[in-house]
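A.B. asks: Below: one structure in structure tokens.
The values are calculated or read from the model by the stated rules, or taken from the named source; none is laboratory data. Because the structure is a prediction, the values reported are computed rather than measured. Glycine gets a Cβ as well: all are built from the backbone with ideal geometry, and neighbour counts include every protein chain shown.
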Amino acid sequence: MRTMHRRYVSCLAITVSLMASMVLAQGAVPATVEFAPDAAAALQKTYGSREEGALRAAILAALGKEQRHDALPEGVSLKVTVRQVKPTHPTLQQQLDNPSLSAARTRYLGGADLVGEVRDARQQVLATVDYRNFADVPAAGSPSLDPWADARQAIEGFAAKFASAWERLPKG
């Protein structure tokens, strides 16, 4: 069972990375994704170091999807900082550290807290977007078994709000 779950998680991470690569190849999003010190520490110590890449890919894919609908003005770049992120279900690292956790039955109040900045060519901040979304109760969370399901919902909401901010900027 554990080997099967590891394969599933590995396939999921590869799929997300490939999807992000395809989105970026279609129209590169001039974006950087950083993790605040507390979020980076939680990823390294608790959730597993490989999770950072999966979350970064999810953010870039969500931004790329929004950019296809609402193109960024010329010379604009995006900076995203993940201030806090929590899984919906235990990550692989958490399950390895504590075998009593169940990938299906253990649930957390997951989500993400992100801030984004739209910057011009001189790195002046043109707009700032804050977005925070965590499930209030376990039943309000995503039904998906993906450890980052609630965080992905927050990322999608953030990307949509971020796109509305750059959509209001003067074109060209």
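A.B. asks: Of the conditions (1) within 22 Å of Asp38 (Cβ to Cβ); (2) of a type in the set (Asp, Glu); (3) in a loop (DSSP other than H, G, I, E, B); (4) at pLDDT 90 or above, Asp146 satisfies every one except a single condition; which number is it?
C.D. replies: Only one criterion in (1) within 22 Å of Asp38 (Cβ to Cβ); (2) of a type in the set (Asp, Glu); (3) in a loop (DSSP other than H, G, I, E, B); (4) at pLDDT 90 or above is unmet by Asp146, namely (1).
Matching residues to (1) charged (D, E, K, R); (2) at pLDDT below 95; (3) within 30 Å of Lys171 (Cβ to Cβ):
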residue	(1), (2), (3)
Tyr108	no, yes, no
Val115	no, no, yes
Ala121	no, yes, yes
Gln124	no, yes, yes
Pro138	no, yes, no
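A.B. asks: Let me ask you something else. Which residues, taken from the stretch 70-126, are in contact with a helix residue (DSSP H, G or I) (Cβ under 6 Å, 6 or more places away or on another chain), over 19 Å from Leu55 (Cβ atoms) and aliphatic (A, V, I, L, M)?
C.D. replies: Leu72, Leu101, Val118
A.B. asks: Next up: For the stretch 142-155, indicate whether the set of residues that are within 29 Å of Leu78 (Cβ to Cβ), touching an Asp or Glu at 6+ places or on another chain (Cβ under 9 Å), surrounded by fewer than 19 Cβ atoms within 10 Å (Cβ to Cβ) and not polar (S, T, N, Q) is non-empty.
C.D. replies: no
A.B. asks: Select from the stretch 62-81 the residues that are under 15 Å from Thr32 (Cβ atoms) and either assigned to a strand (DSSP E or B) or without any contact (Cβ under 8 Å) to a residue 60 or more places away in the chain (or both) and list them in ascending order. If you could, list the steps in order and put the result at the bottom.
C.D. replies: In the first step, residues of the stretch 62-81 are kept if they are under 15 Å from Thr32 (Cβ atoms); the result is 62-64, 67, 72, 76-81.
Those that are under 15 Å from Thr32 (Cβ atoms) and either assigned to a strand (DSSP E or B) or without any contact (Cβ under 8 Å) to a residue 60 or more places away in the chain (or both): Gly64, Ser77, Leu78, Lys79, Val80, Thr81.
A.B. asks: Within the stretch 43-59, does at least one residue satisfy the condition of being part of a strand (DSSP E or B), modelled with pLDDT of 55 or more and either more than 21 Å from Gly110 (Cα to Cα) or not acidic (Asp, Glu) (or both)? Explain how you work it out, then say what you get.
C.D. replies: Let us first name the residues in the stretch 43-59 that are part of a strand (DSSP E or B), namely none.
Checked against the condition, which is being part of a strand (DSSP E or B), modelled with pLDDT of 55 or more and either more than 21 Å from Gly110 (Cα to Cα) or not acidic (Asp, Glu) (or both), the stretch 43-59 yields no hits at all.
A.B. asks: Quick one: which residue in Asp136, Asp120 is in contact with a Pro (Cβ under 9 Å, 6 or more places away or on another chain) and among the charged types (D, E, K, R)? First the steps, then the outcome.
C.D. replies: Working: Asp136 fails: in contact with a Pro (Cβ under 9 Å, 6 or more places away or on another chain).
Residue meeting the stated conditions: Asp120.
A quick yes/no check of all residues on (1) under 18 Å from the mean Cα position of the chain (by Cα); (2) under 26 Å from Ala41 (Cβ atoms); (3) buried (at least 22 other Cβ atoms within 10 Å of the Cβ):
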| site | (1), (2), (3) |
| --- | --- |
| Ala58 | yes, yes, yes |
| His89 | yes, yes, yes |
| Asp113 | yes, yes, no |
| Ala121 | no, no, no |
| Asn133 | yes, yes, no |
| Asp136 | no, yes, no |
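A.B. asks: Could you give me the residue pairs with C-beta distances under 6 Å whose first residue belongs to the stretch 126-144 and is in contact (Cβ under 8 Å) with a residue 40 or more places away in the chain, whose second residue is in a strand (DSSP E or B) and of a type in the set (A, V, I, L, M, F, W, C) wherever it lies, and which are 6+ apart or on separate chains?
C.D. replies: Close Cβ pairs (under 6 Å, with a partner that is in a strand (DSSP E or B) and of a type in the set (A, V, I, L, M, F, W, C)) amount to Leu126/Val118; Ala127/Val118.
A.B. asks: Do you know which of the residues in the stretch 91-111 that are among the hydroxyl-bearing types (Ser, Thr, Tyr) and surrounded by 14 or more Cβ atoms within 10 Å (Cβ to Cβ) is farthest from Glu156 (Cα to Cα)? Lay out the reasoning, then the answer.
C.D. replies: Step one: filter the stretch 91-111 for residues among the hydroxyl-bearing types (Ser, Thr, Tyr), giving 91, 100, 102, 106, 108.
Now drop any that are not surrounded by 14 or more Cβ atoms within 10 Å (Cβ to Cβ), which leaves 91, 106, 108.
Working: Thr91: 20, Thr106: 24, Tyr108: 19 Å.
That would be Thr106.
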